[in-house]
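The values are calculated or read from the model by the stated rules, or taken from the named source; none is laboratory data. These numbers come from a predicted model, not from an experiment. Neighbour counts are summed over all protein chains in view; Cβ atoms, including those assigned to glycine, are modelled from backbone coordinates with ideal geometry. Quick note on the areas: whole protein, heavy atoms, side chains included, nothing else; ligands and nucleic acids left out. Shrake-Rupley method; radii C 1.70, N 1.55, O 1.52, S 1.80 Å.
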Amino acid sequence: MATIKDIAQLAGVSIATVSRVLNYDTSLSVSDETKKRIFEVAEELSYKKKSVRKQESGKIALLQWYTEKEELEDLYYMSIRLGVENRCRHHGIQVEKYFQDNIEDLKEAEDIQGLIAIGKFSSKQVSELAKRTKNLVFVDTSPDEEQFDSVVIDFEKATRKVLDHFIEKGHSDIGYIGGREMFKDKTSTIEDAREKTFKQYLGEKGFLNEAFMYNGSFSVDDGHLLMKRAIMEHGERLPTAFFAANDSIAVGALRALLEGGIAVPERVNIIGVNDISISKYVFPSLSTVEVYTELMGETAVDTLLERIEGRKIAKKIYIGTKLILRNSSF
């Protein structure tokens with residue numbers, strides 16, 4: 001495993017700066033450019049390097065539904081993007097990148113053979129993207145599996161993995177900290193499979209207490225604020241385990257627990273989702289459901305190449321997940 005020293009050397013910053021950035025230390029004043037460089041180096045070092053083939057040629061567009069700044073708060077999407085870019089380098093394919101704040105420029109892009117869209121898009125946005133190219137792959141969402149290729153995760157199954165683990169370890173008071181999102185065009189809210197499955201599955205098991213459920217955004221800051229609220233509201237009756245809907249939330253929640261003098265994992269267990277690169281470096285190291293984001297990006301590129309080569313039938317591809325236990329849980 002790459003060390004913080006390795007990241008610091010490649011990013012051109014101090015070891016202390018890397019440590020504080022990876023732990024989302026709010027007292028640290030560094031530019032978004034420096035944060036981005038550190039996060040990207042950490043992600044790159046976590047990848048298994050592959051030989052460069054460079055037999056293909058051409059150009060594709062890559063659309064990230066986040067802005068570049070938002071991507072720094074949810075490294076899940078950054079990791080998928082880097083997986084796409086690495087696979088394109090492997091094939092010798094040029095990539096034109098677009099983010100939410102310059103999405104209009106995509107309409108003017110020339111010589112685009114296909115498009116990979118990362119994130120969640122409304123029906124209106126999907127229709128607009130489909131006008132841009134017939135070779136279209138969605139990653140992390142499947143707006144129409146009869147028409148469009150997609151690469152997705154079964155977050156229902158991932159959620160049940162965590163809850164089964166908690167229950168097997170004897171936890172009956174289980175909390176949830178998650179996020180709610182809207183499509184970027186504000187047309188509607190997005191149903192989250194993790195929250196839905198948490199309520200349904202624990203309800204079936206007889207362990208659901210909705211007073212232990214908190215929602216904000218999928219960010220470190222909201223993970224911190226929501227866990228502080230849970231500590232204040234429940235005191236000694238604070239749940240013994242929390243499922244955090246992503247690792248960014250989990251990192252913020254960990255910080256709130258440590259600030260409150262609450263021992264992790266002795267008093268509270270916490271498990272996140274995604275296994276972003278920083279999960280290994282926070283304290284205590286984060287238990288999480290590993291989502292193979294690199295493979296998601298690679299698969300999206302290979303799937304798009306099949307479309308470009310003439311495949312007509314849509315494919316929906318599920319990428320598996322794995323529960324990784326570290327020091328934030330038993």
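For this structure, a couple of remarks:
- Selection status of D154, closer than 22 Å to L72 by Cβ and either open to solvent by less than 30 Å² (accessible area, probe 1.4 Å) or not polar (S, T, N, Q) (or both): no
- Check on N86, part of a helix (DSSP H, G or I), closer than 23 Å to K131 by Cα and of a type in the set (S, T, N, Q): no
- Selection from the stretch 256-310 of residues that are more than 12 Å from S328 (Cβ to Cβ), at pLDDT 95 or above, of a type in the set (A, V, I, L, M) and under 23 Å from the mean Cα position of the chain (by Cα): A256, V273, V289, V291, L295, M296, A300, V301, L304
- Residue check for L258: closer than 24 Å to L22 by Cβ and part of a helix (DSSP H, G or I): yes
- Residue in the stretch 44-51 that is assigned to a helix (DSSP H, G or I), open to solvent by 40 Å² or more (accessible area, probe 1.4 Å), at pLDDT below 90 and within 24 Å of A244 (Cα to Cα) present: yes
- Identity of the residue in the stretch 268-292, touching a Lys or Arg at 6+ places or on another chain (Cβ under 6 Å) and open to solvent by 10 Å² or more (accessible area, probe 1.4 Å), that ends up nearest to G83 (Cα to Cα): E290
- The stretch 261-285 - residue that is among the small types (G, A, S) and not in a strand (DSSP E or B) and, of those, farthest from E44 (Cα to Cα): G261
- Checked against the criterion of being within 20 Å of I319 (Cα to Cα), of a type outside the set (G, A, S), part of a loop (DSSP other than H, G, I, E, B) and in contact (Cβ under 8 Å) with a residue 24 or more places away in the chain, the stretch 98-117 contains not a single residue that satisfies it.
- Residue satisfying all of: in the stretch 167-196; touching a helix residue (DSSP H, G or I) at 6+ places or on another chain (Cβ under 8 Å) and within 14 Å of I271 (Cβ to Cβ); most open to solvent (accessible area, probe 1.4 Å) among these: I167
- Pairs with Cβ under 7 Å, 6+ apart, first in the stretch 199-216 and more than 12 Å from D173 (Cα to Cα), second crowded, with 18+ Cβ neighbours inside 10 Å and of a type in the set (G, A, S): Y214/A230; N215/G178; N215/G179; G216/G179
- With respect to the conditions (1) at pLDDT below 85; (2) under 22 Å from F218 (Cα atoms); (3) under 19 Å from the mean Cα position of the chain (by Cα), M78 falls short on a single one, namely (1).
- Residues located in the stretch 86-101, provided they are crowded, with 18+ Cβ neighbours inside 10 Å and under 17 Å from the mean Cα position of the chain (by Cα): F99
- Flag if S29 is at pLDDT below 90, buried (at least 16 other Cβ atoms within 10 Å of the Cβ) and among the small types (G, A, S): no
- All of E236, E204, E156 fail the test of being acidic (D, E), under 19 Å from E290 (Cβ atoms) and not in a strand (DSSP E or B), apart from E156.
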